[in-house]
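The values are calculated or read from the model by the stated rules, or taken from the named source; none is laboratory data. Keep in mind that what you see is a predicted model, and the values were worked out from it rather than measured. Every residue, glycine as well, gets a Cβ built from its backbone with ideal geometry; the counts of neighbours run over all protein chains shown.
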Amino acid sequence: MRAGRRASSQGDGAAADAGSGARRGFRGDIQGLRAVAVLLVVADHAGLGPLHGGFIGVDVFLVVSGFLITGLLLAEVERSGTVSLAGFYARRARRILPAASLVLAVTAVAGYLILAGADLLRLVQDSIWAAFFAANIKFARDETDYWAQDESTSPIQHYWSLAVEEQFYLVWPLLLVVLVLLLRRRARAGSSAPATPGAGAVRRAALATIALLSLASFALAVRGVAADPTGTYFSTAARVWELGLGAGLAAAMPWVARRPAAVRGLLAWAGLAAVAASALLFTEATRVPGWPALLPVLGAGALLACGDAPVRWGPARALSVAPLRWVGDRSYSLYLWHWPVLVLGAALLEVRGLSGWQALAAVLLALVLSDLSYRFVENPVRHTQLLRGRRRGLVLYPASLAALGVVLAVVHTVVVHDFAQPRPPVTAAAYADRGLAKDPHVALVQASVLAGRADAEVPSPLRPAALGLSDRVAADLGECSYSGQDYPLPLCPRGDPDGEKVLVVLGDSHGRHWAEVLDGIARKHGYRAYFLVLAGCNAASVQPWSAVDDAPDEECAAFHAWSQEQVEQLRPDVTVLSNDTVGAYVGPDGERVSDTAEVARLLEDGLTERLASLRPLAERVVVLADVPRLRTHPSDISRRGATLGDGLAKPNGRSMRMRDAAKRAAERAGAEHVETRQWFCAYGECPVVVGDFITRRDYGHLTLEYAASLADPLDRALALR
């Protein structure tokens, strides 16, 4: 299972509103389009087939949503002269809330049985945001990175686009009401004009309004994907143009329908081809909702506007076959269920990704669940007479929040209670008869390995708290965090601001996770300290391959040049390099290199070159060995019934090979090398918990608390004077 930005949402609460009314004018081709879109998304998420761009299903669904909902709203205006906001939101509640709330509740209960405590608490938090249709805000605020290998994926990550859709529908019906009122006032002001605006006037005003909003939204999306791709992907403002295209087409349908049938049939086929091409050609690196998104969005728009062309050879017949209509009816439920099933399935099997057969089984289970919820939850609630009427359905908002709140509160309380029970930490004294090292820090690591082998209970409380592990952040470097900043970059002296000696730290996020400790050591010895570190940018003279852009990391190349200039000007007494040594690099031919042996060679040569360039500029150049990477995620020790043995494993083999390459580079360049392995591993294994400290916040990054505990041994190892 590939989690990622591809946790795109069906966003199809919309189409359901159309289905909730009478079948008059029902178009089977739209149901088929919904089925195609959701199947693209599901196949992509499950890793089934070559549809790596299946995430464009979200774009298709947003267009469908804008088209169907706006069509219903305009039909209501033409029928009654206005829009009943209470009636609209009651219909939305009947359609959206039952299935959405059910999936959130079931996912929380299943998560309690399967997930680690830290991940479960994050799930509870995410569910609260999702319940208020604000999941996109939460994930954007958290800077959720779908390609980060060190982060676990939220089982309800896909709710973000449902939030986008509902936020749009908080505003768009209100704008239509305002337009109708303004047109009515203008109509009354004219001596010979009718008292109420005509249908054509309302449609023209709606079309002009949504066109302006969509153009502004598209401009924001194009600019945003370049500056902040993650935030833009979650942004409602950057998605309005996709909903707006569908809305504009709905307003323009009386004019579109008058175009020649043959032209419309050809456009419909072109639209289907555009959607298919997007699914086949797009990749994780494709920057949507920017320029590339025009292809699937315009394709979906062409299908909606022209799919009902009265020609026998059009795509409507193919899209209207019974199996596709069946999936289309259940597309909302299928979208809601498939992602939690995939994510929780992988967690249950304790694998990073499901195999092909496992993923197929998960998809089939999601399809069964979607059919059950469609038949026994969605349709019964949608059609019950108890909730008929313009306002009765509104009761579902507080009712669903209350019911879901009870489930989430119980899950949260039980988990917190489990971890509130005090349990003693691991101590070296308990294993004094096992011949531990004299160094107390090393001895504690050895004792923690022995405790893990004995499956000792997990200490409580831990530092940091195990349940808050997913909220851990990197050391605060203020305005000198550097990521995404424009040049010239600032310099932020830390340590002893008045110190005559200078310490410079070069590296990436693995240099940053030592920042607070090195800051204190520099202050103690009278050094001004400068942390020239950039996440994802190894200090070696080698260009990383950006996982986000799937291209060479140009930001890192620029940062290398800038940081070298700063070292030349600062002429530090001590320069320390600390890097994450696991990653992919750009080879001599400009292509991505990920093979372990080749990456190790590139790292060794690149680090040797950088160290050689630094040695004439500093009295001492020190390579601080990378932290051995874990094979097990630290959150595993917060699973129900976990012991310290669940957080014990051999270090990651690739990580150790890269650490060896870095050590050879230091020797070749004549630089100093400080080993760190003894503070993290012993007897060939690395414990997640040392004493009562959680050592990492993910597979490779230190927790700030454990890093602080290593201040004394690190101080001695660096031997600053």
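Look through ALA432, ALA447, ALA399, ALA403 and report the one residue that is touching a helix residue (DSSP H, G or I) at 6+ places or on another chain (Cβ under 8 Å), assigned to a helix (DSSP H, G or I) and farther than 19 Å from LEU710 by Cβ. Break it down stepwise before answering.
Numbers: ALA432 fails: touching a helix residue (DSSP H, G or I) at 6+ places or on another chain (Cβ under 8 Å); ALA447 fails: farther than 19 Å from LEU710 by Cβ; ALA399 fails: touching a helix residue (DSSP H, G or I) at 6+ places or on another chain (Cβ under 8 Å).
That would be ALA403, the only listed residue that is touching a helix residue (DSSP H, G or I) at 6+ places or on another chain (Cβ under 8 Å), assigned to a helix (DSSP H, G or I) and farther than 19 Å from LEU710 by Cβ.
Can you confirm whether LEU518 is crowded, with 21+ Cβ neighbours inside 10 Å, more than 29 Å from the chain's Cα centre (by Cα) and outside the structural domain of GLU143 (by TED's automatic domain parsing)? Before the answer, list the steps.
On the way: crowded, with 21+ Cβ neighbours inside 10 Å: yes; more than 29 Å from the chain's Cα centre (by Cα): yes; outside the structural domain of GLU143 (by TED's automatic domain parsing): yes.
Against the criterion (crowded, with 21+ Cβ neighbours inside 10 Å, more than 29 Å from the chain's Cα centre (by Cα) and outside the structural domain of GLU143 (by TED's automatic domain parsing)), LEU518 qualifies.
Could you list all residues from the range 27-79 that are farther than 19 Å from TYR335 by Cα and either among the basic types (Lys, Arg) or outside any helix (DSSP H, G or I) (or both)?
If the condition is that a residue be farther than 19 Å from TYR335 by Cα and either among the basic types (Lys, Arg) or outside any helix (DSSP H, G or I) (or both), then ARG27, PRO50, ARG79 are the ones that fit.
Only one residue in VAL180, VAL164 is modelled with pLDDT of 95 or more, under 22 Å from ARG91 (Cα atoms) and not acidic (Asp, Glu). Which one?
Answer to the selection: VAL164.
In the range 458-476, which residues are modelled with pLDDT of 90 or more and either surrounded by fewer than 14 Cβ atoms within 10 Å (Cβ to Cβ) or out of contact with any Lys or Arg (no Cβ under 7 Å at 6 or more places or on another chain) (or both)?
We begin by selecting, within the range 458-476, every residue modelled with pLDDT of 90 or more; these are 458-464.
Passing the criteria: PRO461, LEU462, ARG463.
Pairs needed: first member in the range 522-534, surrounded by fewer than 21 Cβ atoms within 10 Å (Cβ to Cβ); second member anywhere, among the basic types (Lys, Arg); C-beta distance under 9 Å; at least 6 residues apart or different chains.
Pairs that qualify, where the first residue is surrounded by fewer than 21 Cβ atoms within 10 Å (Cβ to Cβ) and the partner is among the basic types (Lys, Arg), are ARG523/ARG494; HIS525/LYS501; HIS525/ARG721; GLY526/LYS501.
ALA547: closer than 21 Å to ASP626 by Cβ, crowded, with 18+ Cβ neighbours inside 10 Å and more than 25 Å from the chain's Cα centre (by Cα), yes or no? Write out each step before concluding.
Numbers: closer than 21 Å to ASP626 by Cβ: yes; crowded, with 18+ Cβ neighbours inside 10 Å: yes; more than 25 Å from the chain's Cα centre (by Cα): no.
Considered against the rule, which asks whether it is closer than 21 Å to ASP626 by Cβ, crowded, with 18+ Cβ neighbours inside 10 Å and more than 25 Å from the chain's Cα centre (by Cα), ALA547 comes out as no.
Enumerate the pairs (first residue in the range 673-702 and closer than 22 Å to LYS438 by Cα; second residue anywhere and aromatic (Phe, Trp, Tyr) and modelled with pLDDT under 95) with beta-carbon separation below 7 Å, excluding pairs fewer than 6 apart on the same chain, so at least 6 apart or on different chains.
none
Out of all the residues in the range 500-540, which are assigned to a strand (DSSP E or B) and closer than 19 Å to HIS701 by Cβ? Steps first, please.
Initial filter on the range 500-540 (assigned to a strand (DSSP E or B)): 501-507, 527-533.
VAL505, LEU506, GLY507, PHE531, LEU532, VAL533 - these are the residues of the range 500-540 that are assigned to a strand (DSSP E or B) and closer than 19 Å to HIS701 by Cβ.
To keep it simple, each residue is scored yes or no on (1) among the small types (Gly, Ala, Ser); (2) in contact with a Ser or Thr (Cβ under 6 Å, 6 or more places away or on another chain); (3) closer than 30 Å to CYS556 by Cα.
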{"position": "ALA432", "(1), (2), (3)": "yes, no, no"}
{"position": "ALA451", "(1), (2), (3)": "yes, no, no"}
{"position": "ALA454", "(1), (2), (3)": "yes, no, no"}
{"position": "PRO461", "(1), (2), (3)": "no, no, no"}
{"position": "ALA466", "(1), (2), (3)": "yes, yes, no"}
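For the structure I just gave you, tell me whether GLU598 is among the charged types (D, E, K, R), at pLDDT 90 or above, over 31 Å from the mean Cα position of the chain (by Cα) and surrounded by fewer than 20 Cβ atoms within 10 Å (Cβ to Cβ).
Against the criterion (among the charged types (D, E, K, R), at pLDDT 90 or above, over 31 Å from the mean Cα position of the chain (by Cα) and surrounded by fewer than 20 Cβ atoms within 10 Å (Cβ to Cβ)), GLU598 does not qualify.
Out of ALA618, ALA662, ALA669, which single residue is buried (at least 22 other Cβ atoms within 10 Å of the Cβ) and either β-branched (Val, Ile, Thr) or more than 21 Å from LEU349 (Cα to Cα) (or both)?
Selected residue: ALA662, the only one of ALA618, ALA662, ALA669 that is buried (at least 22 other Cβ atoms within 10 Å of the Cβ) and either β-branched (Val, Ile, Thr) or more than 21 Å from LEU349 (Cα to Cα) (or both).
Look through ALA316, ALA305 and report the one residue that is farther than 30 Å from ARG223 by Cα, crowded, with 23+ Cβ neighbours inside 10 Å, over 30 Å from the mean Cα position of the chain (by Cα) and of a type in the set (Gly, Ala, Ser).
ALA316
Quick one: which of VAL381, VAL395 is surrounded by fewer than 18 Cβ atoms within 10 Å (Cβ to Cβ) and modelled with pLDDT of 85 or more?
Step by step, each of VAL381, VAL395 is checked, and only VAL395 is surrounded by fewer than 18 Cβ atoms within 10 Å (Cβ to Cβ) and modelled with pLDDT of 85 or more.
Restricting to the range 639-648, what's the tally of residues that are outside any helix (DSSP H, G or I) and buried (at least 17 other Cβ atoms within 10 Å of the Cβ)?
Residues meeting the conditions: 3.
Scanning the range 671-714 for residues that are among the hydroxyl-bearing types (Ser, Thr, Tyr) and in a loop (DSSP other than H, G, I, E, B), which turns out farthest from ALA515 (Cα to Cα)?
Applying the filter and picking the extreme gives TYR683.
Answer yes or no as to whether ALA420 is under 17 Å from GLY641 (Cα atoms), in contact (Cβ under 8 Å) with a residue 12 or more places away in the chain and small (Gly, Ala, Ser). Talk me through it step by step, then tell me what you get.
Working: under 17 Å from GLY641 (Cα atoms): yes; in contact (Cβ under 8 Å) with a residue 12 or more places away in the chain: yes; small (Gly, Ala, Ser): yes.
Yes, satisfied.
Could you give me the residue pairs with C-beta distances under 8 Å whose first residue belongs to the range 474-495 and is farther than 13 Å from LEU532 by Cα and in contact (Cβ under 8 Å) with a residue 24 or more places away in the chain, whose second residue is surrounded by 13 or more Cβ atoms within 10 Å (Cβ to Cβ) and among the polar types (S, T, N, Q) wherever it lies, and which are 6+ apart or on separate chains?
Short answer, once both residue conditions are applied: ALA474/SER509.
Just give me the residues in the range 230-243 being in a helix (DSSP H, G or I) and more than 18 Å from LEU295 (Cβ to Cβ), in sequence order. Give the steps one after another, and end with the answer.
Taking the range 230-243 as the starting set, the residues that turn out to be in a helix (DSSP H, G or I) are 230-234, 240-243.
Passing the criteria: THR230, GLY231, PHE234, VAL240.
Would you call TYR527 more than 36 Å from the chain's Cα centre (by Cα) and either closer than 19 Å to PHE693 by Cβ or assigned by TED's automatic domain parsing to the domain that holds GLN125 (or both)?
In short, no.
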